[in-house]
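Worksheet: one structure, shown below.
The values are calculated or read from the model by the stated rules, or taken from the named source; none is laboratory data. Here the structure is a predicted model, which means the values were calculated and not measured. Cβ atoms come from the backbone with ideal geometry, glycine included; neighbour counts cover every protein chain shown. Remember, those area values only see protein heavy atoms, side chains included, never the ligands or the DNA or RNA. Shrake-Rupley method; radii C 1.70, N 1.55, O 1.52, S 1.80 Å.
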Amino acid sequence: MKNLLKIFCLAAIVASCDDVEPTIFHGEDPSNLTLLSFSSDVYSLPVERDANGVTTVTFNSSTVSNSDRVYNVEIISGTANAATYSVPSTITIPAGQYQGIIDITGQDNNLVDDEVKTFKIKIADSDFGDESIGFAEAEVRVYEVCPLEADFTGNYVLTPVTSMFNNAAIFATEDVVLNVGVNAYERTFRASPYPTILNDKVVFAISFKCDVLDFSGTFDSGLICVEDGTRTIVWGASDNSSSYDTTNDAIINVSFTEDSANACGNGSSATSSRFRLTKTN
């Protein structure tokens, strides 16, 4: 086991700019910069065996406009077969709104299995103008799922089981609420990673496949390991994914790689950690 000798918290600083599009309303402060970003850098697209699937992608703006804002969506091919997904060509943030939404659909076509395959979506660079962009690209993970016969929602007790560190537990024992995520096979909850060091709560998402479950993507803990001093500890999917019973949501065990980016060195990226969710009602 490793000792976490020293950890530093990261803070993000966002600058402002006076030059903005004239059609953008900024409330009482006209110096606010328009920031655009996908709501996540990773989305899951579960596809039912011999059927279809759908996931919702949200595109955020920090400001509103008096007219619709339309952005072109480009596809960056990856390991997923193009015959297994369909992506709208544009995404629109309606006038007076802060968000635009599109649905990406998936089709089995006898080409989807439990191996996660990916492609990326991207907002065309030429669409930004004077606006600033955060997540301009997002990865979409395509995989096969089987229908969930239990709800896997509601009130749960979160309990840490194993961690790679001796002196920094991944979670405290706390009450959490599981909600449906961006698709029917994703569940989200809010919790504080490394609670003896940080107090900030983070939204975690887990994805249910046919036989196993995993994190939907990666999660930056916001902490830097002393062995490196520059790289944050990132949580990611484990090579030993947790199994579950699709008919029983009483106990959910989740295995994950606590340091998937190997920020702490010495092969820590291969270390599997685990937590448990126990339903209370």
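Condition test on Asp127, is it acidic (Asp, Glu), in contact (Cβ under 8 Å) with a residue 40 or more places away in the chain, more than 19 Å from Ser39 (Cβ to Cβ) and buried (at least 16 other Cβ atoms within 10 Å of the Cβ)?
Numbers: acidic (Asp, Glu): yes; in contact (Cβ under 8 Å) with a residue 40 or more places away in the chain: yes; more than 19 Å from Ser39 (Cβ to Cβ): no; buried (at least 16 other Cβ atoms within 10 Å of the Cβ): yes.
Taking the combined requirement at face value, the residue does not satisfy it.
So Gly217 fits all but one of (1) modelled with pLDDT under 85; (2) more than 20 Å from the chain's Cα centre (by Cα); what number is the exception?
Against the list (1) modelled with pLDDT under 85; (2) more than 20 Å from the chain's Cα centre (by Cα), Gly217 comes up short only on (2).
Among residues belonging to region 102-117 that are among the polar types (S, T, N, Q) and open to solvent by less than 70 Å² (accessible area, probe 1.4 Å), point out the one that is farthest from Asn81 (Cα to Cα). Outline the logic, then answer.
Filtering region 102-117 for residues among the polar types (S, T, N, Q) gives 105, 107, 109-110.
From what's left, open to solvent by less than 70 Å² (accessible area, probe 1.4 Å): 105, 107.
Values: Thr105: 13, Gln107: 10 Å.
So, considering only residues that are among the polar types (S, T, N, Q) and open to solvent by less than 70 Å² (accessible area, probe 1.4 Å), the one farthest from Asn81 (Cα to Cα) is Thr105.
Residue pairs, Cβ under 9 Å, 6 or more apart or interchain, first in region 74-100 and without any contact (Cβ under 8 Å) to a residue 40 or more places away in the chain and under 11 Å from Val64 (Cα atoms), second open to solvent by 80 Å² or more (accessible area, probe 1.4 Å) and assigned to a strand (DSSP E or B). List them.
Here the result reads Ile93/Val70; Ile93/Gln99; Gly96/Phe25, each pair linking region 74-100 to a residue that is open to solvent by 80 Å² or more (accessible area, probe 1.4 Å) and assigned to a strand (DSSP E or B).
Restricting to region 145-184, count the residues that are surrounded by 14 or more Cβ atoms within 10 Å (Cβ to Cβ), closer than 18 Å to Val212 by Cβ and among the acidic types (Asp, Glu).
0
Would you mind telling me which numbered condition in (1) touching a residue at least 40 places away in the same chain (Cβ under 8 Å); (2) open to solvent by 60 Å² or more (accessible area, probe 1.4 Å); (3) not in a loop (DSSP other than H, G, I, E, B) Leu213 fails?
(2)
Pairs please, first residue from region 175-192 and of a type in the set (Ser, Thr, Tyr), second anywhere and open to solvent by 60 Å² or more (accessible area, probe 1.4 Å), Cβ atoms under 8 Å, 6+ apart in sequence or on different chains.
Hits for this filter: Thr188/Asn179; Thr188/Val180; Thr188/Val203; Ser192/Asn199; Ser192/Asp200; Ser192/Lys201.
This table checks each residue for (1) more than 19 Å from Thr159 (Cβ to Cβ); (2) modelled with pLDDT of 85 or more; (3) open to solvent by 10 Å² or more (accessible area, probe 1.4 Å).
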residue	(1), (2), (3)
Arg231	yes, no, yes
Tyr244	no, yes, yes
Asp259	yes, yes, no
Gly265	yes, no, yes
Ala270	yes, no, yes
Ser273	no, yes, no
Thr280	no, yes, yes
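Just to be sure I understand, how many residues within region 193-204 are open to solvent by 10 Å² or more (accessible area, probe 1.4 Å) and touching a Phe, Trp or Tyr at 6+ places or on another chain (Cβ under 7 Å)?
The total comes to 2.
For region 169-213, enumerate the residues that are in contact with a Cys (Cβ under 9 Å, 6 or more places away or on another chain) and closer than 15 Å to Leu223 by Cβ.
Answer for region 169-213, where residues must be in contact with a Cys (Cβ under 9 Å, 6 or more places away or on another chain) and closer than 15 Å to Leu223 by Cβ: Ile197, Leu198, Asp200.
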